[in-house]
1. Take the stretch 158-176 and flag every residue that is charged (D, E, K, R), surrounded by 12 or more Cβ atoms within 10 Å (Cβ to Cβ) and more than 16 Å from Y188 (Cβ to Cβ).
2. Which of the residues belonging to the stretch 166-197 are under 21 Å from the mean Cα position of the chain (by Cα), outside any loop (DSSP other than H, G, I, E, B) and without any contact (Cβ under 8 Å) to a residue 60 or more places away in the chain?
3. Return a yes/no flag: does the stretch 337-349 have any residue that is part of a helix (DSSP H, G or I) and at pLDDT 95 or above.
4. Sort out which residues of the stretch 138-165 are in contact with a helix residue (DSSP H, G or I) (Cβ under 6 Å, 6 or more places away or on another chain) and either within 23 Å of R273 (Cα to Cα) or not in a loop (DSSP other than H, G, I, E, B) (or both), and write them in order of number.
5. When you go through V174, V150 one by one, which is the residue that is more than 28 Å from V373 (Cβ to Cβ) and either touching a strand residue (DSSP E or B) at 6+ places or on another chain (Cβ under 8 Å) or at pLDDT below 95 (or both)?
6. Considering the stretch 85-127 alone, what residues qualify as being surrounded by 14 or more Cβ atoms within 10 Å (Cβ to Cβ), assigned to a helix (DSSP H, G or I) and out of contact with any strand residue (DSSP E or B) (no Cβ under 8 Å at 6 or more places or on another chain)?
7. Of all the residues that make up the stretch 151-168, how many are touching a Lys or Arg at 6+ places or on another chain (Cβ under 6 Å) and either polar (S, T, N, Q) or not assigned by TED's automatic domain parsing to the domain that holds L181 (or both)?
Amino acid sequence: MKITTSSLKLFKNTCRRYPKLIFFAVISTITLFSLMFIYIYALVSFTYSYKSSTGSKVISVNKNSALNFDKMLKESMEYINKEMDVILELEDRHTQNNSFRKLDPYPLPIVPIRMTLNTAVFKYSTQNGKNTVLKRIIWDPKSKVNEDVVCESLKNKHENIIDCYMSTRMNRVVNGEKQTLIWIFFEYMDVKITEKNVFRDEDTIRAILIDALKGLKYLHDNRLAHLDFKIMNIMGKTRRDGSIVYKLIDFGFTQPILEDNDKYDENAMKEIRGKNYGTFPFKAPEVMRSSLHGFKSDVWSLGATAWYLSIGKIPFYKSKGQKDMESYRMFAGLMKKSLEDHKRFKFKRQTSPELRDFIISCMKLDYENRPSVNELLEHPFILNERIILEEDESDDYLSLIK
C-alpha cells in the first residue's frame with residue numbers, strides 16, 4: 001500500500017488535534033494483541049489432554065493440575081475397587097444396594113449412582129467443575145459383549161446417544177483369580193426419567209419417544225440392537241436454552257444382529273444360547289422363549305416403556321415387590337392360556353387412542369407383526385396427529401379402560 005504525502009499530513013494533523021484519542025487507540029490495540037497472544041500460548045502450552053489406550057481424547061485440564069487430577073482419579077478408582085469388593089461379598093442384592101447408597105467417598109470427587117453385580121456407576125467431578133459419569137464393569141471373558149468397544153464406536157456419532165469420553169481396561173487379581181475391569185467415562189445427564197415424574201404427560205412421553213426412536217434408528221441402521229431398552233436407560237440433558245434432549249444410555253448388552261456383509265433385514269433375529277438379555281418386565285417374548293434377540297425386540301421394549309409411562313407405574317409386580325412372572329408370561333403369550341391382543345392391556349381413561357395404538361403395535365406377540373423404528377417415526381402419536389376410529393373400534397378401546 002502506498003502512503004501519500006496528503007495521507008501523512010492528515011495523520012499528523014489528527015495526532016495534533018486528538019492526541020488522547022490516538023493514545024487510547026494505540027494502547028487498546030497493544031492490549032488486544034497481548035491478550036490474544038496470552039490466550040493462544042495458554043491454549044497450546046498449558047492444556048493437557050488425557051488419552052486412553054486407543055488415543056481418544058478424554059478431558060482437558062490445566063497442565064499444573066494434571067498431576068493432581070491423575071492422582072485423584074487413581075485414588076478414586078482404588079477406593080471404588082476396595083469398597084465394591086466388600087459390597088459384592090454381602091449376602092443379598094438388597095443389602096448390597098443399601099451399602100452402595102451409603103458410601104461416603106468424600107473428599108474424593110465421586111458420588112455413587114447405582115450398581116449391579118457387574119457394574120458400579122459414579123458421578124465424577126473434575127477440577128475444572130465438569131461433571132462426568134465413571135462406570136466400572138467387571139468384564140466377562142465368556143461373553144461377546146464389550147461395552148467399551150461399542151461405546152468407542154458410537155462416540156460423537158448421534159445426538160440421541162450418550163457420548164463416551166474415554167474407555168480403558170485394567171487387570172488385577174481378586175481371591176486368586178484374574179479379573180479384567182473396564183472403566184468408561186460418559187457425559188453427565190442431569191434429567192432422570194421415571195414413570196412417576198412423567199406422570200402420564202403425553203407431550204413429555206412423545207418427546208421422549210421421538211428422541212429414543214432417533215437413537216434406536218441410528219443403532220439399527222448400523223446393525224446394532226440395544227437389547228436392554230427400558231425407562232431407566234433413557235436420560236435427558238438440559239440444553240442452554242432450557243430444552244431437553246433425551247439420549248439412550250447403557251450399552252452393556254448392545255451387539256450386532258447382522259454382519260457387515262449381510263443384507264439388512266428388519267426382522268433379523270440372532271440366537272444367543274443361554275442368554276435372554278434385557279430387564280423384567282421389558283423383555284420381548286422371543287427373548288424369553290427362545291433366546292432370540294433382534295431389532296424388533298427393542299421395539300417391544302420401546303412399547304413397554306411407553307405403556308408404563310402412560311399408566312404411571314411398572315406393572316407385573318406383587319404387593320411386596322416380587323416379580324409376578326406368571327402374569328407377565330401370560331401377557332407375553334408364553335403360557336397355554338393367552339389373552340387376546342386387545343384384552344392384554346389396561347390403560348388409564350385419559351390415555352389417547354393414538355398412544356394406545358402405538359403401544360399395542362409395538363407389543364405384538366409375533367415380532368414380524370411389529371412395526372420397524374422407521375415406521376414408528378411416522379406413527380400418528382409421534383407426528384401428533386389424530387386417529388379417526390370407527391364406531392366398533394371405539395368400543396374396543398373403551399374395553400381397555402381401567
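1. R169
2. Selection gives I182, I184, E187, V191, K192, N197.
3. No, there is no match, as no residue in the stretch 337-349 is part of a helix (DSSP H, G or I) and at pLDDT 95 or above.
4. Within the stretch 138-165, I161, C164 meet the criteria.
5. Step by step, each of V174, V150 is checked, and only V174 is more than 28 Å from V373 (Cβ to Cβ) and either touching a strand residue (DSSP E or B) at 6+ places or on another chain (Cβ under 8 Å) or at pLDDT below 95 (or both).
6. Once the filter is applied, which keeps residues that are surrounded by 14 or more Cβ atoms within 10 Å (Cβ to Cβ), assigned to a helix (DSSP H, G or I) and out of contact with any strand residue (DSSP E or B) (no Cβ under 8 Å at 6 or more places or on another chain), the stretch 85-127 yields only S99.
7. Selection size over the stretch 151-168: 1.
Each row is one residue, and each column tells you yes or no for (1) in the same structural domain as I161 (by TED's automatic domain parsing); (2) surrounded by fewer than 20 Cβ atoms within 10 Å (Cβ to Cβ); (3) within 27 Å of R223 (Cα to Cα); (4) not aromatic (F, W, Y).
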site: N267; (1), (2), (3), (4): no, yes, yes, yes
site: T279; (1), (2), (3), (4): no, yes, yes, yes
site: P285; (1), (2), (3), (4): no, no, yes, yes
site: R289; (1), (2), (3), (4): no, yes, yes, yes
site: F295; (1), (2), (3), (4): no, no, yes, no
site: I311; (1), (2), (3), (4): no, yes, no, yes
site: Y317; (1), (2), (3), (4): no, yes, no, no
site: M325; (1), (2), (3), (4): no, yes, no, yes
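The values are calculated or read from the model by the stated rules, or taken from the named source; none is laboratory data. Keep in mind it's a predicted model, so treat the numbers as computed, not measured. Note that each Cβ is placed from the backbone with ideal geometry, even for glycine, and that neighbours are counted across all protein chains shown.
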